[in-house]
Amino acid sequence: IRLGVLAVVPHMKSADRIEVATATIRQHLHEVVEAFASLGNMLDSPRHKGQSQVLLVASSIPGEGKTVTSCNLAAALAKKNRRVLLVDFDLRRPRLAGIFPMPAQRQGLLDALANHVTDFAALPYLAPDCPNLEVIASRPNLQASPIEAVGAPAAAQLLAWARSQYDHVVLDAPPLGIVSDTLALAPLADFTIVAVRPEVSRKRLTLHTLQRLRDSGIHTLGLVVNDLDVSRFMYGSYSPYYHYSQHYKAYAPAAPAAPPAGTPP
(Lines give C-alpha, C1' and ligand atoms only; values in the text may rest on other atoms or scores of the structure.)
Protein backbone atom coordinates (compact mmCIF):
# COMPACT_ATOMS: atom_id res chain seq x y z
CA ILE A 1 0.00 0.00 0.00
CA ARG A 2 1.47 3.33 -1.07
CA LEU A 3 0.53 6.12 1.29
CA GLY A 4 1.84 9.63 1.88
CA VAL A 5 3.44 10.68 5.17
CA LEU A 6 1.80 13.95 6.19
CA ALA A 7 4.10 14.73 9.13
CA VAL A 8 6.99 13.35 11.15
CA VAL A 9 6.76 14.31 14.83
CA PRO A 10 10.08 14.17 16.73
CA HIS A 11 10.54 12.67 20.16
CA MET A 12 9.71 14.97 23.06
CA LYS A 13 11.77 14.36 26.21
CA SER A 14 8.84 14.83 28.58
CA ALA A 15 7.18 11.59 29.70
CA ASP A 16 4.08 13.47 30.88
CA ARG A 17 1.24 12.52 28.54
CA ILE A 18 -0.69 15.73 29.14
CA GLU A 19 2.37 17.89 28.47
CA VAL A 20 3.01 16.13 25.15
CA ALA A 21 -0.67 16.23 24.13
CA THR A 22 -0.87 19.98 24.83
CA ALA A 23 2.56 20.91 23.48
CA THR A 24 1.07 23.08 20.73
CA ILE A 25 -0.80 25.08 23.37
CA ARG A 26 1.92 25.26 26.04
CA GLN A 27 5.09 25.48 23.96
CA HIS A 28 6.23 27.91 21.28
CA LEU A 29 9.56 27.22 19.59
CA HIS A 30 9.73 23.45 19.78
CA GLU A 31 10.20 20.74 17.15
CA VAL A 32 6.89 19.04 18.09
CA VAL A 33 4.98 22.31 17.75
CA GLU A 34 6.58 22.97 14.37
CA ALA A 35 5.68 19.46 13.18
CA PHE A 36 1.99 19.93 13.95
CA ALA A 37 1.99 23.45 12.52
CA SER A 38 3.39 21.92 9.31
CA LEU A 39 0.66 19.26 9.40
CA GLY A 40 -1.95 22.00 9.65
CA ASN A 41 -0.36 23.79 6.70
CA MET A 42 -0.31 20.54 4.73
CA LEU A 43 -4.06 20.14 5.29
CA ASP A 44 -4.52 23.73 4.09
CA SER A 45 -2.69 22.98 0.83
CA PRO A 46 -4.69 22.86 -2.43
CA ARG A 47 -4.39 19.06 -2.47
CA HIS A 48 -6.11 18.56 0.91
CA LYS A 49 -8.03 21.78 1.62
CA GLY A 50 -11.34 20.38 0.38
CA GLN A 51 -10.93 17.31 2.60
CA SER A 52 -9.96 18.91 5.89
CA GLN A 53 -13.17 19.91 7.65
CA VAL A 54 -13.80 16.62 9.45
CA LEU A 55 -10.57 14.78 10.26
CA LEU A 56 -10.49 11.34 11.84
CA VAL A 57 -7.33 10.24 13.66
CA ALA A 58 -6.91 6.49 14.20
CA SER A 59 -4.23 3.90 14.86
CA SER A 60 -3.80 0.14 14.83
CA ILE A 61 -3.03 -0.39 18.52
CA PRO A 62 -2.83 1.77 21.66
CA GLY A 63 0.35 3.74 22.22
CA GLU A 64 0.92 4.92 18.65
CA GLY A 65 0.11 8.55 19.48
CA LYS A 66 -3.35 9.05 18.00
CA THR A 67 -4.60 11.11 20.96
CA VAL A 68 -1.41 13.19 21.00
CA THR A 69 -1.90 13.74 17.27
CA SER A 70 -5.58 14.63 17.68
CA CYS A 71 -4.96 17.16 20.46
CA ASN A 72 -1.99 18.90 18.84
CA LEU A 73 -3.56 18.97 15.38
CA ALA A 74 -6.76 20.49 16.78
CA ALA A 75 -4.73 23.12 18.66
CA ALA A 76 -2.61 23.90 15.58
CA LEU A 77 -5.76 24.51 13.53
CA ALA A 78 -7.29 26.61 16.33
CA LYS A 79 -4.17 28.81 16.33
CA LYS A 80 -5.05 29.74 12.77
CA ASN A 81 -8.12 31.56 14.18
CA ARG A 82 -10.45 28.76 13.10
CA ARG A 83 -13.29 27.35 15.20
CA VAL A 84 -12.24 23.79 16.01
CA LEU A 85 -14.08 20.97 17.76
CA LEU A 86 -12.14 18.02 19.19
CA VAL A 87 -14.30 14.93 19.87
CA ASP A 88 -13.36 11.85 21.92
CA PHE A 89 -14.85 8.91 20.00
CA ASP A 90 -12.55 6.40 21.75
CA LEU A 91 -15.51 5.54 23.94
CA ARG A 92 -14.01 2.44 25.56
CA ARG A 93 -10.84 4.22 26.75
CA PRO A 94 -11.66 7.95 26.66
CA ARG A 95 -8.64 10.19 27.28
CA LEU A 96 -9.62 13.77 26.44
CA ALA A 97 -11.38 14.43 29.77
CA GLY A 98 -8.05 13.83 31.50
CA ILE A 99 -6.15 16.15 29.16
CA PHE A 100 -8.74 18.92 28.97
CA PRO A 101 -10.60 18.72 32.32
CA MET A 102 -14.29 18.09 31.75
CA PRO A 103 -16.80 20.16 33.77
CA ALA A 104 -18.42 17.96 36.43
CA GLN A 105 -21.97 18.56 35.23
CA ARG A 106 -21.19 18.16 31.53
CA GLN A 107 -22.68 15.08 29.89
CA GLY A 108 -20.15 12.78 28.26
CA LEU A 109 -20.39 11.75 24.61
CA LEU A 110 -21.14 8.07 25.25
CA ASP A 111 -23.99 8.95 27.61
CA ALA A 112 -25.36 11.51 25.14
CA LEU A 113 -25.33 9.08 22.20
CA ALA A 114 -26.77 6.23 24.27
CA ASN A 115 -29.59 8.51 25.45
CA HIS A 116 -30.25 9.82 21.91
CA VAL A 117 -29.54 13.41 22.94
CA THR A 118 -30.07 15.91 20.11
CA ASP A 119 -29.11 19.12 21.94
CA PHE A 120 -25.50 18.87 20.80
CA ALA A 121 -24.73 22.50 21.70
CA ALA A 122 -24.77 21.49 25.38
CA LEU A 123 -21.86 19.05 24.97
CA PRO A 124 -18.75 21.14 23.98
CA TYR A 125 -16.62 23.10 26.45
CA LEU A 126 -13.63 25.39 25.93
CA ALA A 127 -10.11 23.97 26.15
CA PRO A 128 -7.92 25.90 28.64
CA ASP A 129 -5.59 28.50 27.11
CA CYS A 130 -6.83 27.85 23.56
CA PRO A 131 -9.84 30.11 22.93
CA ASN A 132 -10.80 28.72 19.51
CA LEU A 133 -10.73 25.07 20.57
CA GLU A 134 -13.75 23.30 22.05
CA VAL A 135 -13.88 19.72 23.28
CA ILE A 136 -16.52 17.00 23.52
CA ALA A 137 -15.15 14.42 25.94
CA SER A 138 -16.55 11.20 27.35
CA ARG A 139 -16.62 9.12 30.50
CA PRO A 140 -16.56 5.31 30.70
CA ASN A 141 -20.01 3.75 31.00
CA LEU A 142 -20.23 -0.01 31.40
CA GLN A 143 -23.98 0.09 30.84
CA ALA A 144 -23.73 1.57 27.32
CA SER A 145 -22.45 -0.08 24.15
CA PRO A 146 -19.80 2.02 22.33
CA ILE A 147 -20.29 0.26 18.98
CA GLU A 148 -24.04 0.81 19.11
CA ALA A 149 -23.50 4.45 20.08
CA VAL A 150 -21.06 5.07 17.21
CA GLY A 151 -23.36 3.38 14.72
CA ALA A 152 -26.51 5.14 15.93
CA PRO A 153 -28.11 7.93 13.90
CA ALA A 154 -27.23 10.38 16.69
CA ALA A 155 -23.50 10.08 15.85
CA ALA A 156 -24.10 11.09 12.23
CA GLN A 157 -26.42 13.87 13.40
CA LEU A 158 -23.73 15.14 15.78
CA LEU A 159 -21.19 15.39 12.97
CA ALA A 160 -23.70 17.05 10.66
CA TRP A 161 -24.34 19.64 13.38
CA ALA A 162 -20.59 20.08 13.96
CA ARG A 163 -20.01 20.72 10.25
CA SER A 164 -22.45 23.61 10.42
CA GLN A 165 -20.83 25.15 13.50
CA TYR A 166 -17.05 24.64 13.16
CA ASP A 167 -14.32 25.18 10.58
CA HIS A 168 -12.66 21.89 11.57
CA VAL A 169 -13.76 18.83 13.53
CA VAL A 170 -11.08 16.42 14.78
CA LEU A 171 -12.23 12.94 15.84
CA ASP A 172 -10.05 10.87 18.19
CA ALA A 173 -11.08 7.35 17.14
CA PRO A 174 -10.31 3.99 18.79
CA PRO A 175 -7.53 1.70 17.54
CA LEU A 176 -8.79 -0.20 14.51
CA GLY A 177 -6.67 -3.27 15.23
CA ILE A 178 -8.70 -3.87 18.41
CA VAL A 179 -12.27 -2.74 17.68
CA SER A 180 -14.19 -1.86 14.53
CA ASP A 181 -15.80 1.42 15.69
CA THR A 182 -13.50 3.38 13.38
CA LEU A 183 -14.96 1.70 10.30
CA ALA A 184 -18.35 3.15 11.25
CA LEU A 185 -16.88 6.61 11.85
CA ALA A 186 -14.52 6.94 8.88
CA PRO A 187 -17.25 7.34 6.22
CA LEU A 188 -18.51 10.36 8.18
CA ALA A 189 -15.11 12.09 7.95
CA ASP A 190 -13.44 13.84 5.02
CA PHE A 191 -9.93 12.54 5.73
CA THR A 192 -8.49 9.76 7.89
CA ILE A 193 -5.06 10.10 9.51
CA VAL A 194 -3.40 6.92 10.77
CA ALA A 195 -0.82 7.39 13.53
CA VAL A 196 2.24 5.14 13.67
CA ARG A 197 5.16 5.12 16.08
CA PRO A 198 8.63 3.57 15.79
CA GLU A 199 9.31 0.72 18.24
CA VAL A 200 5.55 0.42 18.92
CA SER A 201 3.82 -0.04 15.56
CA ARG A 202 3.89 -3.40 13.81
CA LYS A 203 4.23 -3.27 10.04
CA ARG A 204 1.81 -6.09 9.26
CA LEU A 205 -0.82 -4.76 11.64
CA THR A 206 -0.50 -1.25 10.22
CA LEU A 207 -0.85 -2.60 6.68
CA HIS A 208 -3.88 -4.62 7.80
CA THR A 209 -5.45 -1.47 9.28
CA LEU A 210 -4.88 0.50 6.09
CA GLN A 211 -6.26 -2.34 3.98
CA ARG A 212 -9.40 -2.58 6.13
CA LEU A 213 -9.97 1.15 5.65
CA ARG A 214 -9.42 0.83 1.89
CA ASP A 215 -11.75 -2.19 1.70
CA SER A 216 -14.40 -0.12 3.48
CA GLY A 217 -14.20 2.51 0.75
CA ILE A 218 -11.96 4.97 2.64
CA HIS A 219 -9.30 6.24 0.23
CA THR A 220 -8.51 9.68 1.68
CA LEU A 221 -5.73 8.47 3.96
CA GLY A 222 -2.42 9.76 5.29
CA LEU A 223 0.17 8.78 7.89
CA VAL A 224 1.64 10.71 10.82
CA VAL A 225 4.87 9.25 12.25
CA ASN A 226 5.05 10.03 15.97
CA ASP A 227 7.90 10.13 18.49
CA LEU A 228 10.76 9.75 16.03
CA ASP A 229 14.20 9.96 17.65
CA VAL A 230 16.01 12.50 15.46
CA SER A 231 19.22 12.44 17.50
CA ARG A 232 20.96 10.35 14.84
CA PHE A 233 20.34 13.18 12.36
CA MET A 234 22.00 15.77 14.59
CA TYR A 235 25.12 17.63 13.55
CA GLY A 236 27.55 17.46 16.46
CA SER A 237 25.59 18.18 19.63
CA TYR A 238 22.98 20.44 18.01
CA SER A 239 19.69 19.39 16.50
CA PRO A 240 18.58 20.80 13.11
CA TYR A 241 15.91 22.80 14.96
CA TYR A 242 18.59 24.54 17.05
CA HIS A 243 20.23 25.85 13.89
CA TYR A 244 16.84 26.91 12.54
CA SER A 245 15.96 28.83 15.69
CA GLN A 246 19.38 30.52 15.79
CA HIS A 247 19.08 31.45 12.11
CA TYR A 248 15.59 32.82 12.73
CA LYS A 249 16.87 35.03 15.54
CA ALA A 250 19.47 36.50 13.18
CA TYR A 251 16.67 37.93 11.06
CA ALA A 252 14.80 39.50 13.97
CA PRO A 253 14.66 43.28 13.57
CA ALA A 254 17.21 45.03 15.77
CA ALA A 255 16.09 47.76 18.14
CA PRO A 256 17.15 51.22 16.91
CA ALA A 257 20.25 52.61 18.60
CA ALA A 258 19.73 55.47 21.03
CA PRO A 259 20.92 58.84 19.61
CA PRO A 260 23.98 60.43 21.24
CA ALA A 261 23.32 62.84 24.06
CA GLY A 262 22.57 66.35 22.83
CA THR A 263 21.58 65.24 19.35
CA PRO A 264 18.58 67.31 18.14
CA PRO A 265 15.44 65.26 17.46
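The values are calculated or read from the model by the stated rules, or taken from the named source; none is laboratory data. Here the structure is a predicted model, which means the values were calculated and not measured. Cβ: placed from backbone, ideal geometry, glycine included. Neighbour counts: every protein chain shown. Protein only, heavy atoms only, side chains kept; ligands, DNA and RNA dropped before computing areas. Shrake-Rupley method; radii C 1.70, N 1.55, O 1.52, S 1.80 Å.
Check every DSSP H run in the chain and write down those whose alpha carbon atoms cover 15 angstrom or more along the long axis and whose mean Kyte-Doolittle hydropathy is 0.0 or greater.
Those that pass (Cα extent of 15 Å or more, hydropathy at least 0.0) are 31-44, 66-78, 153-165.
How much accessible area does VAL8 have with a 1.4 Å probe, in Å² rounded to the nearest 10?
70
Answer with one residue from ALA112, PHE89, VAL196: the one whose Cα lies farthest towards the positive end of the charge dipole of the chain, charges on Cβ with Lys, Arg +1 and Asp, Glu -1.
Farthest towards the positive end: VAL196.
Using only C-alpha atoms and all pairs of different ones, pull out the Kirkwood radius for the chain in Å with one decimal.
19.6
Sorted by accessible area (1.4 Å probe), largest first, how do MET42, MET102 line up?
MET42, MET102
Work through the residues other than VAL150 whose Cβ is under 11 Å from its Cβ and net out their charges, Lys, Arg +1 and Asp, Glu -1.
-2
For LYS79, what accessible surface area do you get with a 1.4 Å probe? Give it in Å², rounded to 10.
110
Share of the chain's accessible area from carbon and sulfur, percent, 1.4 Å?
Exposed carbon and sulfur together represent 55 percent of the surface.
What do you reckon, how do ASP111, ASP167 stack up by accessible area (1.4 Å probe), largest on top?
Listed by decreasing accessible area, they come as ASP167, ASP111.
So how many Lys-Lys pairs in the chain land under 20 Å Cα to Cα, not counting same-chain pairs under 8 apart?
Close lysine pairs under the 20 Å cut-off: 5.
Once you charge only the Cβ atoms, +1 for Lys and Arg and -1 for Asp and Glu, what is the size of the charge dipole of the chain about its Cα centre, to the nearest 20 debye?
480
Could you calculate the FRET efficiency of ARG214 with ARG47 from 1/(1 + (r/R0)^6), where r is the beta carbon distance between them and R0 is 25 Å, rounded to 0.05?
0.85
Roughly how many Å² is the accessible area per residue of region 133-196, as a whole number, for a 1.4 Å probe?
35
When only the heavy atoms of the protein chains count and the probe is 1.4 Å, how do HIS11, HIS48, HIS28 rank by accessible area, highest first?
Ranked from most to least accessible, the order is HIS28, HIS11, HIS48.
Tell me the accessible surface of LEU6 in square angstrom (1.4 angstrom probe, heavy atoms of protein chains only), to the nearest ten.
Around 20 Å² of this residue is reachable by solvent.
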